[in-house]
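The values are calculated or read from the model by the stated rules, or taken from the named source; none is laboratory data. Everything quoted here is computed from the prediction, not taken from an experiment. Please note: Cβ atoms are built from the backbone with ideal geometry, for glycine as well, and neighbour counts cover all protein chains shown. Accessible surface areas use protein heavy atoms only, side chains included; no ligands, DNA or RNA. Shrake-Rupley method; radii C 1.70, N 1.55, O 1.52, S 1.80 Å.
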Amino acid sequence: MSHYILKYFFCIIALLCSLNSMAISLVQRADSAYESEDYRSAVELYNNAAETEGVSSDLYYNLGNAYYRCGKISQSILAYERALRLDPTNTDARINLDFVNSRIVDKKGETGSFISNTIEKVANAMHSNTWAWIALVMFAVTIGCIAAYFFSGTIILKKLGFFGGIIVFILSLVAIFFSFKSKSIAMDPSQAIITSETTVLSTVPRKPMTRDEEAMLLHEGTKVRVLRSISVDVDTTKQTWHEVEIDNKHRAWINDADIEKIAI
């Protein structure tokens with residue numbers, strides 16, 4: 001009986017090792033295809049690797065590069081955005097995203113406020129886990145300051161423990177705030193990229209029927225924020241339309257088929 005159990009155990013281990021090596025080989029084959037300038041194959045292999053072994057910031061970065069080489073601007077932007085969702089410190093992905101965004105047709109106005117944009121920038125300076133570790137370390141230092149205040153025999157150390165403890169505790173709360181903020185940015189389901197080459201946005205949640213109902217023309221790669229969504233009946237089918245914010249001054253409705261959300 002134990003012989004069969006051992007046999008099945010080794011079979012399971014061999015299967016897991018086989019699956020793992022398969023996933024690794026997909027990434028290696030994708031890298032090789034990219035280096036050989038076979039970018040379409042690289043895109044397919046990177047996507048297969050993502051489905052097989054899961055996603056990572058580096059994988060999405062490489063996928064974005066392959067999409068860009070294929071001329072698929074919107075998909076490359078999506079991949080870079082997703083790479084930064086997983087690791088906001090991925091400098092290469094951010095540089096490439098800025099470069100590709102500089103080449104799209106639509107130039108948006110300002111979004112958000114100075115304060116909200118500054119908070120988001122600081123939050124994205126580090127991964128949410130890094131902010132959490134900083135908060136944990138500062139909390140430990142706070143405990144040390146409290147101990148110094150209660151158990152120290154000198155007035156100077158007591159004062160340092162008291163005031164230092166207050167300052168470090170406040171800093172730990174700030175780090176906790178940025179940890180949650182960084183996490184919320186990474187999981188934000190409202191951000192989307194226009195994937196259609198061109199699309200006419202509407203002032204009403206359906207295809208514009210007249211010139212007055214045409215809000216604006218946008219092109220692929222433009223980033224929008226989904227505010228709300230509704231389903232409408234069109235002939236015998238249902239369509240989903242999203243009210244989106246393009247910048248602080250422009251809102252309109254867009255068909256679900258024309259966008260893809262960044263959320264992974």
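Within region 218-242, the only residue that satisfies the criterion of being under 24 Å from residue 67 (Cα atoms), open to solvent by 30 Å² or more (accessible area, probe 1.4 Å) and either at pLDDT below 95 or not in a strand (DSSP E or B) (or both) is 220. With respect to the conditions (1) farther than 30 Å from residue 217 by Cα; (2) at pLDDT 90 or above, residue 24 lacks only one, and its number is (2). Does residue 128 fit the bill of being closer than 20 Å to residue 60 by Cβ, hydroxyl-bearing (Ser, Thr, Tyr) and either out of contact with any helix residue (DSSP H, G or I) (no Cβ under 7 Å at 6 or more places or on another chain) or touching a residue at least 24 places away in the same chain (Cβ under 8 Å) (or both)? So residue 128 passes the test.
Taking region 49-101 as the range and being assigned to a helix (DSSP H, G or I), open to solvent by 10 Å² or more (accessible area, probe 1.4 Å), β-branched (Val, Ile, Thr) and in contact (Cβ under 8 Å) with a residue 12 or more places away in the chain as the test, the residues that pass are 52, 73. Those residues that are under 19 Å from residue 245 (Cα atoms), in a helix (DSSP H, G or I) and touching a Lys or Arg at 6+ places or on another chain (Cβ under 9 Å), I need them from region 103-158; list them, please. Of everything in region 103-158, just one residue is under 19 Å from residue 245 (Cα atoms), in a helix (DSSP H, G or I) and touching a Lys or Arg at 6+ places or on another chain (Cβ under 9 Å), namely 120. Number of residues in region 173-217 that are surrounded by fewer than 18 Cβ atoms within 10 Å (Cβ to Cβ), outside any helix (DSSP H, G or I) and not hydroxyl-bearing (Ser, Thr, Tyr): the value is 14.
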